[in-house]
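For reference, the structure is listed below as structure tokens.
The values are calculated or read from the model by the stated rules, or taken from the named source; none is laboratory data. Keep in mind the model is a prediction, meaning the values are calculated, not measured. For neighbour counting, all protein chains shown are included, and Cβ atoms are generated from backbone atoms with ideal geometry for every residue, glycine included. Accessible surface is based on the protein model in full, side chains and every heavy atom, while ligands, DNA and RNA are left aside. Shrake-Rupley method; radii C 1.70, N 1.55, O 1.52, S 1.80 Å.
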Amino acid sequence: MIVSGSTSQGLAAALARELEEPLAAVEYDRFPDGELLASVPDPDPETDRAVVVASTVSSDAHVELLQLQDAVREAGVGEVVTVLPYMGYGRQDKAFEAGQPISARAVARAISTGADRVLTVTPHEEAICEFFEPTATSVDAGGRLAEPLPDDLADPVFLSPDAGAIELAETVRDAYGTGETDYFEKIRHSGTEVEITPSDVDVTSRDVVVTDDIIATGSTMSEAVGVLQDRNVGRVFVTCVHPLLVSNAVTKLSRAGVESIYGTDTIERAVSAVSVAPAIAARL
Ligand code: R5P
């Protein structure tokens, strides 16, 4: 059976259809003091496997996931598989200053206690899979990002906002079938301030697709798009696996001159044009 966290209900349903497995009933309640109570009221005790699908986009979503894992274990299912379409705290993958926790490791350890197996989609760093016990399986969704792009991109350039995402940009270019790739240099000054240094590629009158794993505040992408607009670019599309899009990110990107924003349903937003359900199903 497929069990959905409240943040991943559409994706869980798509996965249930893809795998032809039942979608379990779930309830998400909250006590007057604010504590959560997520439950699976009618679990099938004969079920061999429960696949819990939950993007941990908030601290509440983390607690909810732990509760759902525990509920299906309590019901006696044989195997608990946890799918983290988006793993929250994944970007805190090291102690950046003395005294800081490695938050990705802390949450991975907590999740591992309730799961026999964990899958996560395009993690920020592949190494965070090793924080899980046993090591999590990483599902690559990058290739699907080409699907919603227009067929008529003019002499396209696929750019990543930093060197870390160039492989993703190359994957999207390969899936699209044609185009040049390059990356910007990025210096992050704070959570919302980034500095982008242009790449050398000539973008004059060419359509550009800027690809990153996550768009959170939109600071990285809007800076990158601003640099392109100064250089007489054609149309600019932005695409990402995880459209977190917090606060005013969509407005920032629109004001920067972005033609369209595309993401996947690892985080269910209006821009989630592509489903990662087939890619996950193939690994289950
Ligand atoms: C960081 O290295 C990631 O790949 C993204 O570039 C980052 O998370 C985007 O964050 P924001 O949208 O807040 O600039």
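Some values worked out for this structure:
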item: Residues located in the stretch 142-166, provided they are assigned to a loop (DSSP other than H, G, I, E, B) and either over 22 Å from Val274 (Cβ atoms) or not assigned by TED's automatic domain parsing to the domain that holds Ile214 (or both); result: Ala154, Asp155, Asp162
item: Residue in the stretch 157-192 that is surrounded by the fewest Cβ atoms within 10 Å (Cβ to Cβ), counting only those that are within 12 Å of the ligand (Cβ to nearest atom) and among the small types (Gly, Ala, Ser); result: Ser190
item: Filter result for the condition that a residue is touching a strand residue (DSSP E or B) at 6+ places or on another chain (Cβ under 7 Å), outside any helix (DSSP H, G or I) and at pLDDT 95 or above, over Val246, Val210, Val172; result: Val210
item: Test: residue in the stretch 108-128 that is open to solvent by less than 40 Å² (accessible area, probe 1.4 Å), at positive phi and free of Cβ contacts under 8 Å to residues at least 60 places away in the same chain; result: no
item: Any chance Ser247 is more than 23 Å from Thr56 (Cβ to Cβ), within 13 Å of the ligand (Cβ to nearest atom), in contact (Cβ under 8 Å) with a residue 24 or more places away in the chain and not aliphatic (A, V, I, L, M); result: no
item: Test: residue in the stretch 228-241 that is buried (at least 19 other Cβ atoms within 10 Å of the Cβ) and within 9 Å of the ligand (Cβ to nearest atom); result: yes
item: Check on Val274, free of Cβ contacts under 8 Å to residues at least 60 places away in the same chain and hydrophobic (A, V, I, L, M, F, W, C); result: no
item: Filter result (in a loop (DSSP other than H, G, I, E, B) and either more than 22 Å from Gly76 (Cα to Cα) or out of contact with any strand residue (DSSP E or B) (no Cβ under 9 Å at 6 or more places or on another chain) (or both)) within the stretch 98-132; result: Ala98, Gly99, Gln100, Pro101, Ile102, Thr113, Thr122, Pro123, His124, Glu125, Phe132
item: Elements of type strands (runs of 3 or more DSSP E) in the stretch 22-63, at least 1 residues being touching a residue at least 12 places away in the same chain (Cβ under 8 Å) and farther than 24 Å from Glu268 by Cβ; result: none
item: Total residues in the stretch 212-226, condition more than 10 Å from the ligand (Cβ to nearest atom) and open to solvent by less than 20 Å² (accessible area, probe 1.4 Å); result: 1
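Each row is one residue, and each column tells you yes or no for (1) among the acidic types (Asp, Glu); (2) open to solvent by 50 Å² or more (accessible area, probe 1.4 Å).
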{"site": "Asp29", "(1), (2)": "yes, yes"}
{"site": "Gly34", "(1), (2)": "no, no"}
{"site": "Ser39", "(1), (2)": "no, no"}
{"site": "Pro45", "(1), (2)": "no, yes"}
{"site": "Arg49", "(1), (2)": "no, no"}
{"site": "Val53", "(1), (2)": "no, no"}
{"site": "Ser59", "(1), (2)": "no, yes"}
{"site": "Glu64", "(1), (2)": "yes, no"}
{"site": "Asp70", "(1), (2)": "yes, yes"}
